């Protein structure tokens with residue numbers, strides 16, 4: 001079956017702009033998580049959604065937001081982009097998000113802020 | 001979040017077994033032990049996970065110490081495609097939905 005799909009794969013934005021990234025989870029998976037990966041900070045958890053509700057949130061400023069739709073697809077938005085937001089943004093899905101679930105990651109969206 | 005400790009790097013030869021250790025002395029009873037690996041410019045790939053008993057799948061084996069304070073990921077015959085960063089992660093029960101706390105991982109180099 002199809003894996004986690006993220007779009008776009010690569011994008012370049014200018015400081016101050018906003019960006020929206022999209023994620024389609026594995027069919028049947030209702031939990032979607034987002035992560036940011038940078039060389040300096042490694043992989044960091046942003047937030048998790050289940051049944052259109054945010055259940056868990058990492059330590060990121062309010063410029064980072066997300067949402068989930070009734071079909072479990074999710075989007076994340078970063079407003080007022082800063083140079084430090086340049087990163088690989090990863091989406092992951094699992095059946096319910098419970099600790100024993102296997103979490104599957106997408107290939108990521110590479111964001112460059114100039 | 002409960003922490004894990006892994007060696008920064010390890011090396012192996014192709015076709016040989018690899019044992020990747022992980023210490024997690026503060027693990028709680030409901031924490032699952034997950035292993036992921038990541039190749040450059042790719043998302044993390046699930047390898048294996050377990051709670052108390054040893055686990056086997058087509059990719060690897062996970063050996064969990066009786067006191068659960070450490071575990072070992074075993075790749076039975078390393079190939080060049082196994083060269084990656086390996087992450088040992090504890091996923092906590094309760095309200096840590098969908099959250100994995102990644103450390104620095106172990107960089108595995110496989111020599112032909």
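Per-structure values
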{"item": "Size descriptor, Kirkwood hydrodynamic radius, that averages inverse alpha-carbon separations across chain A, Å", "result": "13.9 Å"}
{"item": "Per-q log10 I(q)/I(0), segment A:43-106, q = 0.12, 0.19 Å⁻¹ (Debye; single scatterer per alpha-carbon; no solvent)", "result": "-0.31, -0.78"}
{"item": "Simple spin-label estimate for residue A:2 and residue B:16 in nanometres, 7 Å along Cα-Cβ", "result": "4.4 nm"}
{"item": "The protein assembly as shown, Cα convex hull volume normalised per residue, Å³", "result": "119 Å³"}
{"item": "Histogram of C-alpha separations across segment B:49-112, 5 Å bin width, %", "result": "3, 15, 20, 23, 22, 11, 4, 1, 0"}
{"item": "Space enclosed by the convex hull of the alpha-carbon atoms of chain B, per residue, Å³", "result": "94 Å³"}
{"item": "Range of Cα positions in segment B:42-83 per principal axis (Å), largest first", "result": "33, 23, 16"}
{"item": "Peptide-level mean, for B:98-110, of C-beta atoms on other protein chains within 10 Å", "result": "5"}
{"item": "Protection proxy ranking, peptides B:72-79, B:10-17, average beta carbon neighbours within 10 Å, highest first", "result": "B:72-79, B:10-17"}
{"item": "FRET E, pair residue B:8, residue B:81, Förster distance 35 Å, beta-carbon r, rounded to 0.05", "result": "0.95"}
{"item": "Label-point gap, in nm, between residue A:51 and residue B:59 - each point 7 angstrom along Cα→Cβ", "result": "3.0 nm"}
{"item": "Cα extents of segment A:11-69 along the three principal axes, largest first (Å)", "result": "35, 21, 21"}
{"item": "Diffusion coefficient, µm² s⁻¹, Stokes-Einstein with Kirkwood Rh over alpha-carbon pairs of segment B:3-68 at 4 °C and 1.567 mPa s", "result": "96 µm²/s"}
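Taken together, the values in this text are just the output of simple stated rules run on the coordinates, not laboratory data. Note that the structure is a prediction, hence the values are computed from the model and not measured. We place every Cβ from the backbone using ideal geometry, glycine too, and count neighbours over all the protein chains shown.
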